[in-house]
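For reference, the structure discussed in these notes is given below.
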Amino acid sequence: MFSSRAHSILIAVALVINAPAAQAAVATQSRRQEVTGGFATFFEQQGLPGSCGKVHQDSDFIVALPPGRYGTGVNCGRTVQVTSTSTGLVHCHRVVADECADCINANSLDLSTGKYEFFSSLDIGELPSMLSTS
């Protein structure tokens, strides 16, 4: 949402989507959605709430989804897992907190600077490859 720089890394993401809270009392359902062919950029919070309504710090491990995946906000609070095949680093269970209006394509996402720096320095604009798992 507030991209100050457009550094990118190839990524794939697995959204771990649980049933809405109202249905959770009756039966817990899960479905996995693997997303490939996207890019990750990073964004700064600037003290403003994301599209999901909460204010986060840049150091928080949050992500923003592109409009088609964000939709009406149904994924707010849901979790994603991102794995870097070049480093083997796995970052899992980080909260969807915003919409990425400037995402490169429908399979891309924005990472908070804290999450992006888990994989790479903010000065490095691109990592060789990313692959998601869950």
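A compact table of results
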{"read-out": "Qualifying positions in the range 41-63 - assigned to a strand (DSSP E or B) and surrounded by fewer than 18 Cβ atoms within 10 Å (Cβ to Cβ)", "value": "Pro49, Val55"}
{"read-out": "Residue in the range 39-80 that is modelled with the highest pLDDT, counting only those that are within 17 Å of Ala106 (Cβ to Cβ) and among the polar types (S, T, N, Q)", "value": "Ser51"}
{"read-out": "Val95 being crowded, with 17+ Cβ neighbours inside 10 Å, outside any loop (DSSP other than H, G, I, E, B) and modelled with pLDDT of 80 or more", "value": "yes"}
{"read-out": "Any hit, the range 10-19, residues being at pLDDT below 90 and part of a loop (DSSP other than H, G, I, E, B)", "value": "yes"}
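The values are calculated or read from the model by the stated rules, or taken from the named source; none is laboratory data. Please read all numbers here as calculations on a predicted model, not as lab measurements. Using ideal geometry, Cβ is built from the backbone for each residue, glycine included, and neighbour counts are taken over all protein chains shown.
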